[in-house]
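I have placed the structure first, in the form of structure tokens, so that the comments after it can refer back to it.
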Amino acid sequence: MRSSDEEQQKDAERCISWGSQSVPTVSLSTSQERWHNTIVQHTNVYGGKNQQGREKPWNNISAEDFMSYLALVVYMGGMNMKASALTDYWRRSRIYSVPLPAEIMSCSKFLTITNALHLSNPQDDEENEKKKGTAAYDRLGKIKPLYDNIRDACRTFSSKSEHLHRLEDGGIQGEKGLSYESVMLGTGYKLYVDNFYTSPMLFRDLLYKKIWACGTIRPNRIGFPKTITNRLPRNAPRGSMRWLKEDELLFLEWKDSREVLMCSTFHKAYKGDTVQRRLKNKDGQWSQVHVPIPCAVLDYNRLMGGVDLSDALIGYYKVLHKTRKWYRTFFFHFVDIAVVNALILHQHLARARNEKPLTQKEFRETLVLELAGLESRTAASQASNDACHNLTYITDDSTAGRRKCKLCLQKTPVMCALCFLPKRDRYND
């Protein structure tokens, strides 16, 4: 959901004041702190149930184990190496040898957690399965705890802006479809959604609740006008538009580089707005021209840009693993969303402090080390190494005799006296 600049600045100041936690860890944990404990608890119950009667008993995993597991999941999504099997990350051959996965967790433990990963309480699943075929059956039951946590977090940290856009696409249909049920909100909002959610029935119900809506729409949606009268021809020039009004619903067709179909309950068809486009004339020369654009398309592009950016960032590094369980596919996708949201928050915080933000690759690399708890060991190792040096000025004049530091490559007036005296006691005893 969109925040005003003032509200975002307050959020940034609140996050910055949280202490010594580094930005990636803070960013990933702000949405909800209890969801991973819920998954750990349900995974232990499910794993223990599956191991009953087997020779090797189930060993409960801890929250630290789960964070290390997440580190490997994110790590595998950022690796250019497309392993044919997960076990390839632990192979010691010259081709596949990568030391980090084995340092974080053993292969057998990673596969054990993957096979036992469970988002809901197995006892609740059994009760829900008894209701299958009835109206009381919850088809989203196996992702409901995580889904509820994310929804509650969105409600807790959402802004008070009147403009909203959808969280993310889904694929499981309820009685009226997940696309319908996931956007039923309070009142007084202007909601922008993509064509997964847009339907005339949803927009009419939202309008009844005093929620105005706008979004792209698929022509095969139930309720979409089937008339072919006055439709745009295929060779229509850019900027051409047609519209149809059905009670409070505006259906709009606009020609850009391709056909754009929109539906809105609060926009006018056209208010004289234009947008620049590069077009090739009959002589083959490119030129900038102004073409008409409906205000619904203009507002949609302006307010949905962040969602398109999020989708693009997720596409670069997907953590998705192949799995036979549909709810685990949702879990890996939730991880994708969480990492990208954390990246966007980190970039905002960095700009608020006039710092250069990390790239997505750098952010993911740092995040992997923090989730695995490796950054503290690195910092401790560096601190111990620093303690073994005795710094002294090269000359009495700090402006002369400077040397280049091997670590930062900057010139400095100090050096380590011990590094040039191999037989000297390193601790100055």
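The values are calculated or read from the model by the stated rules, or taken from the named source; none is laboratory data. Predicted, not measured: the structure shown is a model, and the values here were computed from it. Positions of Cβ are generated from backbone atoms using ideal geometry, with glycine treated the same way; all protein chains shown enter the neighbour counts. Surface areas here come from the heavy atoms of the whole protein model, side chains and all, with no ligands, DNA or RNA. Shrake-Rupley method; radii C 1.70, N 1.55, O 1.52, S 1.80 Å.
Brief remarks on what is shown
- Per-region count, region 36-62, residues within 25 Å of the chain's Cα centre (by Cα), of a type in the set (Gly, Ala, Ser) and farther than 18 Å from residue 107 by Cα: 0
- Tally, over region 135-158, of residues that are surrounded by 11 or more Cβ atoms within 10 Å (Cβ to Cβ), at pLDDT 85 or above and part of a loop (DSSP other than H, G, I, E, B): 4
- Residue that is least open to solvent (accessible area, probe 1.4 Å), among those in region 40-55 that are at pLDDT below 90 and more than 14 Å from residue 112 (Cβ to Cβ): 53
- For residue 319, the conditions (1) of a type in the set (A, V, I, L, M, F, W, C); (2) at pLDDT below 85; (3) open to solvent by 40 Å² or more (accessible area, probe 1.4 Å) all hold with the exception of (3).
- Only one entry in 251, 203, 224 is open to solvent by less than 30 Å² (accessible area, probe 1.4 Å) and within 21 Å of residue 188 (Cβ to Cβ), namely 203.
- Screening 304, 241 for residues that are modelled with pLDDT under 85, buried (at least 17 other Cβ atoms within 10 Å of the Cβ), out of contact with any Gly (no Cβ under 6 Å at 6 or more places or on another chain) and aliphatic (A, V, I, L, M) leaves exactly one candidate, 304.
- Among residues of region 222-264, those that are of a type in the set (S, T, N, Q) and free of Cβ contacts under 8 Å to residues at least 12 places away in the same chain, counted: 2
- Taking region 39-134 as the region of interest, the helices (runs of 4 or more DSSP H) fully inside it that hold 2 or more residues being within 21 Å of residue 331 (Cα to Cα) and charged (D, E, K, R) are 63-78, 122-130.
- Per this entry, residue 297 is counted among residues that are touching a strand residue (DSSP E or B) at 6+ places or on another chain (Cβ under 8 Å), at pLDDT 85 or above, open to solvent by less than 30 Å² (accessible area, probe 1.4 Å) and closer than 20 Å to residue 195 by Cα.
- Test: residue in region 345-358 that is in contact with a Leu (Cβ under 7 Å, 6 or more places away or on another chain), in contact (Cβ under 8 Å) with a residue 60 or more places away in the chain and farther than 18 Å from residue 146 by Cα: yes
Conditions tested, residue by residue: (1) under 23 Å from residue 202 (Cα atoms); (2) touching a His at 6+ places or on another chain (Cβ under 7 Å); (3) among the hydrophobic types (A, V, I, L, M, F, W, C).
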| residue | (1), (2), (3) |
| --- | --- |
| 253 | yes, no, no |
| 261 | yes, no, yes |
| 265 | yes, no, no |
| 278 | no, no, no |
| 286 | no, no, yes |
| 289 | no, no, yes |
| 301 | yes, no, no |
